[in-house]
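What follows is a single structure, written as structure tokens, with notes after it.
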Ligand code: G6P
């Protein structure tokens, strides 16, 4: 969702901005723009559509300048068109601004500014903000920094912004509240971006701005960070751990496919150092730190959005099954607005790949206000959620660029398995021998995923048969029910086929009415504990001429014979099956989307990191 790039230094800014915008494409956007400052003139270019279209549009035009800002916009206020695209200029033409987030009091400000004679070309809240800063600057006779700080103190909402001023060509100012922003520090040059991916090839030294902080970046290499309360902060310069390769496609056609194939490695990384199967122990640092409080809790609440919510559903099954502590799972967007009951001895688990999802962040704040302990499970290191929670564990999946989450999901599930096992072991609700057995099996899961990946060609053939379908149904029981939901989400996200995930037994309460010879039904048929019931579900579908694609345990000839198509997974412990059954569903969605000509990595209307509610 909206990408920000800024540069000030000695090099040509344009190629740095354009490459940076291309690296941020994965976040999801519908228009793009850049502005460069040279010879006391802003050269501003904006286009609805892709970054490549913006690049084509600027061919032969003046793109010189060693200071500039660029933006990919995901529309909130106003349709995606050239005018609403960022950057926006103030009425005097002296200030340029890019913005990620939502200014909630923009309508009031717009009215006030209109009365003062300001006019607006776009429908955006961003154009209101840049003019508001200008008005504050003029009325208070303030310098740029003071004007920005004063104006931001009046702003309600969430933002990350970068501002340029024609009268201050040697300075770039960046501020954040609720939307991520990172500053890359080079030699006499600075980079600003929504995440580290546009920065990584130039410098590894970065400062993540905290909420309500702004950075003033000077061309001579000096920089300062202040709070919006005007307190100077000592910058915490960190070294990025990520490398360029991690954010490039590495020979795969799409990031999504690369990330599906990275799962064996990602799982190894998420387990590494946290588990000793031989001795039967698990150590999640955050859990150790708050162990007493976690063990004393009468209830856990899991909150998340999208794919992370599906991992949360699995968390409920795992924790209740293994540690016998009640768990509630809730969409963060519902949790934050429905006046939930939260006790001060509750433990709230917030799950987020990006660590920036606005609804999840807001849910965390509510839980903290009510004094619950908040534990984060995030992928992006240093992200807002990772910092806002009391304790947490990183999933260590590595950068996930494809909008449809794959390796982030499997590593979240790994973390939840470890969480549940660690609590269960401390509570004494599982035996050490059981724990050891599960841990040994967990260590073998990456190899088993590799076995499934070898069936890619066969899965592509199944995809071919069904790529023109209009609907899909996914059914699963127990641990496979959240996987059915996730499989359906993957398909609808990237192929735009309507798909629903259901607990298999619920089929007869509604979805069965949809089944005819046109309806492919993906059945996750690997749970031995519910085998007879799954067999009955398959028969119910077959009786209505539905087409069965079954995910089965290796060697299950009985279900293979009943299904139209079957994909085998190596057998494993039931609580670990989601780590295997999800993989063929990811591949199936991927191939169907490719065959339908969809933009797999950047599906329409979706954003990777949803920083607005
Ligand atoms: C967006 C993404 C999804 C993701 C969801 C939650 O909708 O497109 O893939 O599952 O946000 O994101 P999070 O970063 O909090 O896991």
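The values are calculated or read from the model by the stated rules, or taken from the named source; none is laboratory data. It should be emphasised that the depicted structure is a prediction, and the values quoted were computed from it without experimental measurement. Ideal geometry is used to build each Cβ from the backbone, glycine not excepted, and the neighbour counts take in all protein chains shown.
Within the set 207, 192, the sole residue that is surrounded by fewer than 23 Cβ atoms within 10 Å (Cβ to Cβ) and not in a loop (DSSP other than H, G, I, E, B) turns out to be 207. Yes or no: segment 423-440 includes at least one residue that is more than 30 Å from residue 594 (Cα to Cα), surrounded by fewer than 24 Cβ atoms within 10 Å (Cβ to Cβ) and touching a strand residue (DSSP E or B) at 6+ places or on another chain (Cβ under 6 Å). Checked segment 423-440: at least one residue is more than 30 Å from residue 594 (Cα to Cα), surrounded by fewer than 24 Cβ atoms within 10 Å (Cβ to Cβ) and touching a strand residue (DSSP E or B) at 6+ places or on another chain (Cβ under 6 Å).
Yes/no per residue for (1) surrounded by fewer than 20 Cβ atoms within 10 Å (Cβ to Cβ); (2) farther than 20 Å from residue 464 by Cα; (3) more than 16 Å from the ligand (Cβ to nearest atom):
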residue	(1), (2), (3)
567	no, no, yes
577	no, yes, yes
592	no, no, yes
597	yes, no, yes
602	no, yes, no
610	no, yes, no
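Being within 25 Å of residue 516 (Cα to Cα), outside the structural domain of residue 159 (by TED's automatic domain parsing) and either part of a loop (DSSP other than H, G, I, E, B) or touching a helix residue (DSSP H, G or I) at 6+ places or on another chain (Cβ under 6 Å) (or both): is that true of residue 589 here? Break it down into steps so the answer makes sense when it comes.
Numbers: within 25 Å of residue 516 (Cα to Cα): yes; outside the structural domain of residue 159 (by TED's automatic domain parsing): yes; either part of a loop (DSSP other than H, G, I, E, B) or touching a helix residue (DSSP H, G or I) at 6+ places or on another chain (Cβ under 6 Å) (or both): yes.
So residue 589 fits the description; yes.
So the check is Cβ under 7 Å with 6+ separation or different chains; which pairs have a first residue in segment 302-313 that's under 14 Å from residue 582 (Cβ atoms) and touching a residue at least 12 places away in the same chain (Cβ under 8 Å) and a second one that's more than 10 Å from the ligand (Cβ to nearest atom) and in a strand (DSSP E or B)? Sorted first by the residue in segment 302-313, then by its partner, the pairs are 313/329. Considering 443, 493, the condition of being within 16 Å of the ligand (Cβ to nearest atom), out of contact with any helix residue (DSSP H, G or I) (no Cβ under 6 Å at 6 or more places or on another chain) and either in a helix (DSSP H, G or I) or within 23 Å of residue 552 (Cβ to Cβ) (or both) is satisfied by 493 alone.
Scan segment 214-247 residue by residue and report those that are exposed (fewer than 13 other Cβ atoms within 10 Å of the Cβ) and under 27 Å from the mean Cα position of the chain (by Cα). Working first, answer last.
So the first thing to find is which residues in segment 214-247 are exposed (fewer than 13 other Cβ atoms within 10 Å of the Cβ), and the list is 220, 222, 229-232, 234, 236-237, 239, 241, 244-245.
Within segment 214-247, 236, 237, 239, 241, 244, 245 qualify.
Would it be correct to say that residue 133 is over 30 Å from the mean Cα position of the chain (by Cα) and assigned by TED's automatic domain parsing to the domain that holds residue 26? Even if it seems obvious, please write down each step before you answer.
On the way: over 30 Å from the mean Cα position of the chain (by Cα): yes; assigned by TED's automatic domain parsing to the domain that holds residue 26: yes.
Yes; evaluated as a whole, the condition is true for this residue.
The listed residues are 453, 418, and the only one of them that is touching a helix residue (DSSP H, G or I) at 6+ places or on another chain (Cβ under 9 Å) and farther than 27 Å from residue 534 by Cα turns out to be 418. Across segment 69-90, the number of residues qualifying as touching a strand residue (DSSP E or B) at 6+ places or on another chain (Cβ under 7 Å) and under 15 Å from residue 5 (Cα atoms) comes to 9.
Tell me, please, whether a residue that is in contact (Cβ under 8 Å) with a residue 24 or more places away in the chain, part of a helix (DSSP H, G or I), buried (at least 24 other Cβ atoms within 10 Å of the Cβ) and more than 19 Å from the chain's Cα centre (by Cα) can be found in segment 367-375. Yes, segment 367-375 contains a residue that is in contact (Cβ under 8 Å) with a residue 24 or more places away in the chain, part of a helix (DSSP H, G or I), buried (at least 24 other Cβ atoms within 10 Å of the Cβ) and more than 19 Å from the chain's Cα centre (by Cα). Answer yes or no as to whether residue 62 is more than 30 Å from the chain's Cα centre (by Cα) and in a strand (DSSP E or B). No; evaluated as a whole, the condition is false for this residue.
Residues being surrounded by fewer than 19 Cβ atoms within 10 Å (Cβ to Cβ), outside the structural domain of residue 256 (by TED's automatic domain parsing), more than 30 Å from residue 421 (Cβ to Cβ) and in contact with a helix residue (DSSP H, G or I) (Cβ under 8 Å, 6 or more places away or on another chain) are represented in segment 470-481 by at least one member.
The set of residues in segment 130-150 that are in contact with a helix residue (DSSP H, G or I) (Cβ under 9 Å, 6 or more places away or on another chain) and under 21 Å from residue 192 (Cα atoms) comprises 133, 144, 146, 147, 148.
Taken over segment 259-311, the criterion of being within 16 Å of the ligand (Cβ to nearest atom) and assigned to a helix (DSSP H, G or I) is satisfied by 259, 260, 263, 266, 270, 306, 307, 308, 309, 310, 311.
Only a single criterion out of (1) surrounded by fewer than 24 Cβ atoms within 10 Å (Cβ to Cβ); (2) at pLDDT below 95 is not satisfied by residue 492, namely (2). When the residues of segment 330-363 are filtered to those that are more than 23 Å from residue 396 (Cα to Cα) and assigned to a strand (DSSP E or B), the one that is farthest from the ligand (Cβ to nearest atom) is 330.
Between 404, 469, 463, which is closer than 24 Å to residue 307 by Cα, away from the ligand (no atom under 16 Å from the Cβ) and part of a loop (DSSP other than H, G, I, E, B)? Lay out the reasoning, then the answer.
Numbers: 404 fails: away from the ligand (no atom under 16 Å from the Cβ); 463 fails: part of a loop (DSSP other than H, G, I, E, B).
Of the residues listed, the single one that is closer than 24 Å to residue 307 by Cα, away from the ligand (no atom under 16 Å from the Cβ) and part of a loop (DSSP other than H, G, I, E, B) is 469.
Of everything in segment 513-556 that's surrounded by fewer than 18 Cβ atoms within 10 Å (Cβ to Cβ) and in contact with a helix residue (DSSP H, G or I) (Cβ under 8 Å, 6 or more places away or on another chain), which residue is nearest to residue 568 (Cα to Cα)? So that I can check it myself, show each step before the final result.
Within segment 513-556, the first condition is being surrounded by fewer than 18 Cβ atoms within 10 Å (Cβ to Cβ), and the residues that meet it are 513-514, 516-518, 528-529, 531-533, 535-536, 539-540, 542-545, 554-555.
Narrowing further to those that are in contact with a helix residue (DSSP H, G or I) (Cβ under 8 Å, 6 or more places away or on another chain): 528-529, 533, 535, 539-540, 542, 544.
Working: 528: 14, 529: 18, 533: 19, 535: 16, 539: 19, 540: 22, 542: 20, 544: 24 Å.
Checking each candidate, the answer is 528.
Okay, residues lined up against (1) in contact with a helix residue (DSSP H, G or I) (Cβ under 7 Å, 6 or more places away or on another chain); (2) in contact (Cβ under 8 Å) with a residue 24 or more places away in the chain; (3) buried (at least 20 other Cβ atoms within 10 Å of the Cβ); (4) farther than 28 Å from residue 403 by Cβ:
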site: 280; (1), (2), (3), (4): yes, yes, no, yes
site: 290; (1), (2), (3), (4): no, yes, no, yes
site: 325; (1), (2), (3), (4): yes, yes, no, yes
site: 334; (1), (2), (3), (4): no, no, no, no
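Candidates are the residues of segment 376-394 that are part of a helix (DSSP H, G or I) and within 11 Å of the ligand (Cβ to nearest atom); the one that is farthest from residue 412 (Cα to Cα) is 384.
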